[in-house]
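Derivation of every value follows stated rules applied to the coordinates shown; laboratory data play no part. Only a predicted model underlies this, so the values are computations on that prediction, with no experimental measurement involved. Because the Cβ atoms are built from the backbone with ideal geometry, glycine has one as well, and the counts that use them run over all protein chains shown.
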Amino acid sequence: MKTKISLLAVGHATSALLAISFAVCVAFDLLFPDYAMYTSWQVLLPGFEWLSLNSFILGLLETYLFGWYLALIWVPIYNLVTNKSKHECGHHDSNHKAHAH
């Protein structure tokens with residue numbers, strides 16, 4: 001059973017999720033300015049200002065890169081932990097079988 005997950009797939013999926021979420025939040029801020037959250041983006045995304053095309057593109061790029069940052073940390077840890085768990089379970093099962101005979 002293969003338990004490793006693909007860094008490439010998780011990287012693109014996470015990055016797309018964050019970039020789409022950023023775009024939805026910008027649209028929400030434009031539609032409902034009284035409830036705008038763009039000040040949060042200004043704090044989280046270096047260089048982001050409200051709102052120009054260049055700043056929007058920069059925000060998309062930064063959120064996409066942040067998704068890769070998360071994936072580059074999370075996927076190897078996940079694969080390491082599942083690999084260790086798999087070995088520990090396999091080792092435990094072989095001991096159990098030996099005692100059963």
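Checking the conditions here, which among 26, 75, 81 is more than 30 Å from residue 5 (Cα to Cα), among the hydrophobic types (A, V, I, L, M, F, W, C) and not in a loop (DSSP other than H, G, I, E, B)? Working first, answer last.
Details: 75 fails: more than 30 Å from residue 5 (Cα to Cα); 81 fails: more than 30 Å from residue 5 (Cα to Cα).
Checking each option against the conditions leaves just 26.
If I ask for residues that are more than 19 Å from the chain's Cα centre (by Cα), in contact (Cβ under 8 Å) with a residue 12 or more places away in the chain and under 17 Å from residue 15 (Cβ atoms), which ones from region 49-60 would you list? Can you show your working first?
So the first thing to find is which residues in region 49-60 are more than 19 Å from the chain's Cα centre (by Cα), and the list is 49-57.
Those still in the list that are in contact (Cβ under 8 Å) with a residue 12 or more places away in the chain too: 50-51, 56.
Scanning region 49-60 gives a single hit, 56.
Across region 1-28, what is the total count of residues that are more than 11 Å from the chain's Cα centre (by Cα) and either loosely packed, with under 12 Cβ neighbours inside 10 Å or of a type in the set (Lys, Arg) (or both)? Working first, answer last.
Here is the first cut: in region 1-28, the ones more than 11 Å from the chain's Cα centre (by Cα) are 1-6, 8, 20-28.
Now narrow it down to the ones that are either loosely packed, with under 12 Cβ neighbours inside 10 Å or of a type in the set (Lys, Arg) (or both): 1-4, 8, 24, 27.
Within region 1-28, residues that are more than 11 Å from the chain's Cα centre (by Cα) and either loosely packed, with under 12 Cβ neighbours inside 10 Å or of a type in the set (Lys, Arg) (or both) number 7.
Restricting attention to region 62-92, report how many residues are among the hydrophobic types (A, V, I, L, M, F, W, C) and surrounded by fewer than 15 Cβ atoms within 10 Å (Cβ to Cβ).
Filtering region 62-92 for residues among the hydrophobic types (A, V, I, L, M, F, W, C) gives 65-66, 68, 70-75, 77, 80-81, 89.
Applying the additional criterion that residues be surrounded by fewer than 15 Cβ atoms within 10 Å (Cβ to Cβ) yields 65, 72-73, 77, 80-81, 89.
Number satisfying all stated conditions: 7.
Quick check: anything in region 14-36 touching a Lys or Arg at 6+ places or on another chain (Cβ under 7 Å) and of a type outside the set (A, V, I, L, M)?
Checked against the condition, which is being touching a Lys or Arg at 6+ places or on another chain (Cβ under 7 Å) and of a type outside the set (A, V, I, L, M), region 14-36 yields no hits at all.
Hey, does region 29-36 have a residue that's surrounded by 13 or more Cβ atoms within 10 Å (Cβ to Cβ), over 17 Å from the mean Cα position of the chain (by Cα) and not hydrophobic (A, V, I, L, M, F, W, C)? It would help to see each step written out before you state the result.
First pass over region 29-36, keeping only residues surrounded by 13 or more Cβ atoms within 10 Å (Cβ to Cβ): 29, 36.
Filter once more, keeping what is over 17 Å from the mean Cα position of the chain (by Cα): 29, 36.
Keeping just the survivors that are not hydrophobic (A, V, I, L, M, F, W, C) gives 29.
Scanning region 29-36, I find at least one residue that is surrounded by 13 or more Cβ atoms within 10 Å (Cβ to Cβ), over 17 Å from the mean Cα position of the chain (by Cα) and not hydrophobic (A, V, I, L, M, F, W, C), so the answer is yes.
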